[in-house]
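The values are calculated or read from the model by the stated rules, or taken from the named source; none is laboratory data. Bear in mind that the values here come from a model prediction, so they are computed numbers and not experimental data. All Cβ positions, even for glycine, are placed from backbone atoms using ideal geometry, and neighbour counts span all protein chains on display.
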């Protein structure tokens, strides 16, 4: 926005081109109407494509409807919900998702912040470094998933090849219960560490210099300065990034679909992946809708947290 | 939390110089930090470089054990295969790239046309429960796609939008409108409302004032916002795989995913297709690098 | 306020529209195809198929455009392909949408039940009576690719309705390295395992076995079912709809034990997510002594460009042998392949063209040409023809395997059943579950799917 047009407010161009209208017309199209006219189309699209489908899913979640078997939907009220909440299968997926979300978010936060911290201490080449680090984040999950699947292949994958030449054994990255979930976390971390880094960097570069200078006069230790100056200032922003990532990680589907297809067994099936199976393998639309609504509730709670912090950050 | 967000995230005074106290162990530490940074950068970039390398290797080198890092024959065959079918015609993959261009382009246009005026209105007027409306708008963007796709699927089959580009365009636009509004509201906020007030004193209507004075100033912001919307639509996979099936409609992500799972896997082709697919995104991302923080947080955090 | 009203209005109309749709669904059942082919259009017409991405799909499109055009110059054949993992979903989401971009669905044999129950494909019984010479087929193949309720093995039920006709026959072949284990293929499953064991010990870097273990599609499930059949087990008792107690009986347990404790240790490290392509790659790279794969997916093994085993097809064939599966307690082999089924939602003109295509396709000389073009025919005369037997080294394997075939359960709940089996067998193969525990879980969960008709809510979890 550097090329701001110098506005000479009292000279809005030749009269011929603009034909300044009478003031009456502006009253006709009052601000209120204008606001409605400008906002309504966008809101209508959201109502039609987001709110309405969700309400429909809510209705279906109380029925035994199936998208392929057809027939009228019978109300089963809360039976879908109680079945889901008491299902051991669902608990298993919830646990997997929890491990995945916590593991991935913690790892990428630590790593992302470290990189941001190191970059912020550099004098030269910051722009270049930042740009290079951002590459993974811009790739499609499909590309990321496929390519890591190739690299993690136990037989001819480059990761095992490197481990081999370092004299370490081969690892079955995608076919062992533990390593498969770890692989998923690693790949997600690889893709999204730049996200945390980017936001942390925004916070770090904004820490006022004089605060450090004051601290250095006091001969405060490096760690002390980091803990008392840097972290508290960056923390609010970092929290937003973490919450944002948590929501995204909670919704994860595509990476699982491509990298492990939920395997081995069902050990990397996340909640999203399970919803997909219920919805499109058995076409148990009613159950899947209830399952989805429960997921949406979790997302709403997380989003509320996110928005609250965002709000706080804005108002502080 | 003594610092306001404007200070905390604005490109304020940047601490360019290392603190003066670092004298004694300063140099050694700096080298160590640089080394660490280089190692981390290498790790982060390696997969992308490996992808690039695989895309120009012959297939027998692709599967070589141990992996070949330098001594391999360079070939551009895989890139040819991305665009040209074995019989010389246009490959299915290249058709899907074209579909992606159409779907991502039109949905971005739609989101921009709907989102920019709304953002302006939210910025300029006192709308009832404005904050609630804005938060509601943002929260629709967080819905899990796998969940949304179920009712969308039912809805689309009623109106015949299954397996159509229009269907994908509409859902992508719906996901991009919240983003566009939040992102653009920030840009509109930066343009002083006084410009419009002054113009209105000169006899322009509010609408004319918006079109003639504010809109031109918003163009860079609109461009940045549109690029992020474009990247989202371009990369999207979940809706694409569940709502489309035919070659004529399928976008690139499901088409690339379809390269594995046949009777043979051509990783060279997968790599080449991925490179071709990722390149425009990287170029676009570079163009909007100034707005990245706002872009990746859906406009919520502004730098 | 206006906004809210508009939104409500929008919602109300859509809800009303949906309500109608759901009511219509209630009357769904498989519509009947006409007994005789209606008059065909003279306008240009595209007849579309849907299949998954593999070489037979391209072979079919090329073959049909070449040959069918001779009798119907205005018709063009298009074979749409989707990723294998997405195959069932792609067809059935379109069926669910009551709008298909294909006229002929190439269903896996086990999908028939789901499609028939939902009324997605045409009932071809009368059409077949008037147009197809059923006596020309091995009776089981007609049953496998068209009949519902279906027979898993044995003979066709003459009174059952037919919903499809064979397109491509298939079964597993054993692929073995003649240069490593000798020219003569192992005859029993035990012999096969010890040959693989010895081969692996003698040849460092080459694993004894290579077979499907993935948790997607029907990969791991078919592997277990094959071993289960060979060791005398049963997947279920079709009459009483009983799985629990049948599948996990002593024979079933033995089969699982053989698979996990004897066969799995002979496979390559990290092969726990392998399917068709990875098994092919392991053979082509010379990394497997004995492999099992679908015949229709094996053509690429003879392509010198893809193989490290030789510079010409002949050199490769010096090293690779193809044989019918070894036997143990029974000689059963898995049924693969697919039939053609007419979408209930395509236009009348396209349905007529589809029926005409099917009648044309099942003629003896066309079946022989299909065999020569790389397809696997189903008519007995075509199967025994030199055109077929000479087209590939594995074709004799198929012809010999036909009387030995067994399919899975063919019920509308197939997709769920196979997913349960896939994930559990895959878990057992990769050490995520104990073999016995996995088998008992399969039996228990599958049984609850079959019995879930009476339960309200929570179906499909």
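Worth a mention:
- Considering segment A:232-288, and only residues there that are part of a loop (DSSP other than H, G, I, E, B) and more than 25 Å from residue A:144 (Cα to Cα), the residue that is farthest from the other protein chains (Cβ to nearest Cβ) turns out to be A:283.
Condition check ((1) crowded, with 24+ Cβ neighbours inside 10 Å; (2) at pLDDT below 95) across all residues:
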| site | (1), (2) |
| --- | --- |
| C:170 | no, yes |
| C:178 | no, no |
| C:200 | no, no |
| C:217 | yes, yes |
| C:238 | no, yes |
| C:243 | yes, no |
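- Subset of segment B:38-70 (residues that are in a loop (DSSP other than H, G, I, E, B) and more than 9 Å from chain A (Cβ to nearest Cβ)): B:56, B:58, B:68, B:70
- Every condition in (1) assigned to a loop (DSSP other than H, G, I, E, B); (2) surrounded by fewer than 23 Cβ atoms within 10 Å (Cβ to Cβ); (3) more than 8 Å from every other protein chain (Cβ to nearest Cβ) is met by residue B:232 except one, and the failing one is (1).
Per-residue answers, yes or no, for (1) assigned to a helix (DSSP H, G or I); (2) surrounded by fewer than 22 Cβ atoms within 10 Å (Cβ to Cβ); (3) more than 14 Å from chain A (Cβ to nearest Cβ):
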{"position": "C:254", "(1), (2), (3)": "yes, yes, yes"}
{"position": "C:259", "(1), (2), (3)": "yes, no, yes"}
{"position": "C:265", "(1), (2), (3)": "yes, yes, no"}
{"position": "C:289", "(1), (2), (3)": "no, no, yes"}
{"position": "C:305", "(1), (2), (3)": "yes, yes, yes"}
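- Elements of type helices (runs of 4 or more DSSP H) contained in segment B:146-229, each with 3 or more residues being crowded, with 24+ Cβ neighbours inside 10 Å: B:165-190
- Of the strands (runs of 3 or more DSSP E) lying entirely inside segment C:37-148, those carrying at least 1 residues that are surrounded by fewer than 19 Cβ atoms within 10 Å (Cβ to Cβ) are C:45-52, C:75-82.
- Of all residues in segment B:235-248, those satisfying the criterion of being buried (at least 23 other Cβ atoms within 10 Å of the Cβ), in contact with a helix residue (DSSP H, G or I) (Cβ under 6 Å, 6 or more places away or on another chain) and outside any helix (DSSP H, G or I) are B:237, B:245.
- Complete set of residues in segment C:398-408 that are surrounded by fewer than 23 Cβ atoms within 10 Å (Cβ to Cβ) and either out of contact with any helix residue (DSSP H, G or I) (no Cβ under 6 Å at 6 or more places or on another chain) or farther than 28 Å from residue C:225 by Cβ (or both): C:400, C:402, C:403, C:404
- Out of A:170, A:176, sole residue that is out of contact with any helix residue (DSSP H, G or I) (no Cβ under 6 Å at 6 or more places or on another chain), surrounded by fewer than 22 Cβ atoms within 10 Å (Cβ to Cβ) and within 9 Å of another protein chain (Cβ to nearest Cβ): A:176
- Each residue in segment C:267-287 was checked for being within 11 Å of chain A (Cβ to nearest Cβ) and at negative phi, and 13 pass.
- Taken over segment C:363-374, the criterion of being touching a residue at least 24 places away in the same chain (Cβ under 8 Å) and surrounded by fewer than 23 Cβ atoms within 10 Å (Cβ to Cβ) is satisfied by C:364, C:366, C:369, C:373, C:374.
- Here is the figure for segment B:266-299: residues that are within 10 Å of chain A (Cβ to nearest Cβ), in contact (Cβ under 8 Å) with a residue 12 or more places away in the chain and not in a helix (DSSP H, G or I) total 1.
- Residue in segment B:126-136 that is buried (at least 22 other Cβ atoms within 10 Å of the Cβ) and either touching a residue at least 40 places away in the same chain (Cβ under 8 Å) or over 18 Å from the mean Cα position of the chain (by Cα) (or both) present: no
- Leading residue by the ranking (surrounded by the most Cβ atoms within 10 Å (Cβ to Cβ)) among those in segment C:307-317 that are touching a helix residue (DSSP H, G or I) at 6+ places or on another chain (Cβ under 9 Å) and in a helix (DSSP H, G or I): C:316
- Meets criteria (more than 7 Å from chain B (Cβ to nearest Cβ), closer than 19 Å to residue A:291 by Cβ and either at pLDDT 90 or above or assigned to a helix (DSSP H, G or I) (or both)) for residue A:58: yes
- Test: residue A:111 is modelled with pLDDT of 95 or more and within 30 Å of residue C:445 (Cα to Cα): no
- Qualifying residue in segment A:183-205 (condition: within 14 Å of chain C (Cβ to nearest Cβ), in contact with a helix residue (DSSP H, G or I) (Cβ under 9 Å, 6 or more places away or on another chain) and either under 22 Å from residue C:282 (Cα atoms) or buried (at least 19 other Cβ atoms within 10 Å of the Cβ) (or both)): yes
- Residue C:32 being surrounded by 13 or more Cβ atoms within 10 Å (Cβ to Cβ), in contact with a strand residue (DSSP E or B) (Cβ under 6 Å, 6 or more places away or on another chain), over 30 Å from residue B:255 (Cα atoms) and modelled with pLDDT of 85 or more: yes
- Residue satisfying condition, being within 14 Å of chain C (Cβ to nearest Cβ), at pLDDT below 95, more than 22 Å from the chain's Cα centre (by Cα) and under 30 Å from residue A:189 (Cβ atoms), within set A:37, A:73, A:88, A:67: A:88
- Within segment C:402-427, the residues that satisfy the criterion of being under 23 Å from residue C:259 (Cα atoms) and part of a loop (DSSP other than H, G, I, E, B) are C:407, C:408, C:409.
- Against the test of being part of a helix (DSSP H, G or I), without any contact (Cβ under 8 Å) to a residue 40 or more places away in the chain and either within 12 Å of another protein chain (Cβ to nearest Cβ) or farther than 30 Å from residue C:72 by Cβ (or both), the options C:432, C:399, C:382 yield a single qualifying residue, C:399.
- Scanning segment A:91-111 for residues that are more than 17 Å from residue A:272 (Cβ to Cβ), within 13 Å of another protein chain (Cβ to nearest Cβ) and free of Cβ contacts under 8 Å to residues at least 60 places away in the same chain turns up just one, A:110.
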